[in-house]
Amino acid sequence: MTPQISSNRPIRVGIVDDHAITRYALTRQIRAQEHLVLAGEAGNGNEALEMVRRGGMDVMLLDLMMPGAGALDVLHRIKARAPDLGIIVFTNYPPDRYAVNALRLGANAYLGKQCEPGEIIKAIGMTAKGERYLTPDVGELLARAVGGPAGEPHEQLTQREFQLLLHFAKGESSAEIAQSLSLSPKTVSTYRSVLLKKMAAKSNSELTHYAVAKGLLD
């Protein structure tokens, strides 16, 4: 039996996932809870941003594996537009790939799609209160990133550096990245120099090789 969330009004939950069957399963789970209501569905990042523009959401369940713009970019844009919106990353990617950077970008929780339904409901409740919901493995990764033993090189990057790493690793040019992220070409060039140094790489192709080896690309 999944826990019920006590609130003065229902928590409004939006779902962003490109798989209709996943949205359907989450919708059934949300509608089974007395204190949750479905605020909307989206199948890609652009639709997610449109949902945010319309408002009326307290919590968003956001998949990372979607067509179009990278989900971490979408997460960054959503938090820029709606900093108080609670976001739960709900994904098949293991935590060691994206959890730390997703949390740095403003996500409240990072859940794998194999989690129990009750865990989703609990995470929604805590997120709606502005709190973080950390599973043990995500909590360990976060603790390591903020002061524990050094982990993987990409875990030591800032949120913006990691964002740029993914763009460079996909083979995008500095001009394309500047346009996509609304940065100046000079700023992108500066980030590239910092990235190469931090990642002990000599070229963009080495960044791509690293990202592929660590499973950071879709």
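Couple of notes before you dig in:
- Enumeration of residues in the range 104-120 that are in a helix (DSSP H, G or I) and more than 18 Å from the chain's Cα centre (by Cα): P117, G118
- Check on R77, within 23 Å of R54 (Cβ to Cβ), buried (at least 16 other Cβ atoms within 10 Å of the Cβ) and outside the structural domain of G171 (by TED's automatic domain parsing): yes
- Candidates in the range 48-68 are the residues that are acidic (D, E) and within 19 Å of L105 (Cβ to Cβ); of these, the one that is surrounded by the fewest Cβ atoms within 10 Å (Cβ to Cβ) is D58.
Matching residues to (1) touching a strand residue (DSSP E or B) at 6+ places or on another chain (Cβ under 6 Å); (2) over 28 Å from M60 (Cβ atoms); (3) of a type outside the set (D, E):
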position: M126; (1), (2), (3): yes, no, yes
position: R144; (1), (2), (3): no, no, yes
position: L165; (1), (2), (3): no, no, yes
position: A178; (1), (2), (3): no, no, yes
position: L181; (1), (2), (3): no, no, yes
position: K186; (1), (2), (3): no, yes, yes
position: L196; (1), (2), (3): no, yes, yes
position: H209; (1), (2), (3): no, yes, yes
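- Scanning the range 156-168 for residues that are under 16 Å from the mean Cα position of the chain (by Cα), surrounded by fewer than 18 Cβ atoms within 10 Å (Cβ to Cβ) and touching a residue at least 40 places away in the same chain (Cβ under 8 Å) turns up T158, Q159.
- Restricting Y93, Y98 to those that are outside any loop (DSSP other than H, G, I, E, B) and of a type in the set (F, W, Y) reduces the list to Y98.
- Whichever residue in the range 169-214 is surrounded by 16 or more Cβ atoms within 10 Å (Cβ to Cβ) and in a loop (DSSP other than H, G, I, E, B) and, among such residues, is nearest to the chain's Cα centre (by Cα): K170
- Which listed residue is at pLDDT below 95 and surrounded by 18 or more Cβ atoms within 10 Å (Cβ to Cβ), from A107, A123: A107
The values are calculated or read from the model by the stated rules, or taken from the named source; none is laboratory data. Every value quoted in this text rests on a predicted model; they were computed, and no experiment measured them. Ideal geometry is used to build each Cβ from the backbone, glycine not excepted, and the neighbour counts take in all protein chains shown.
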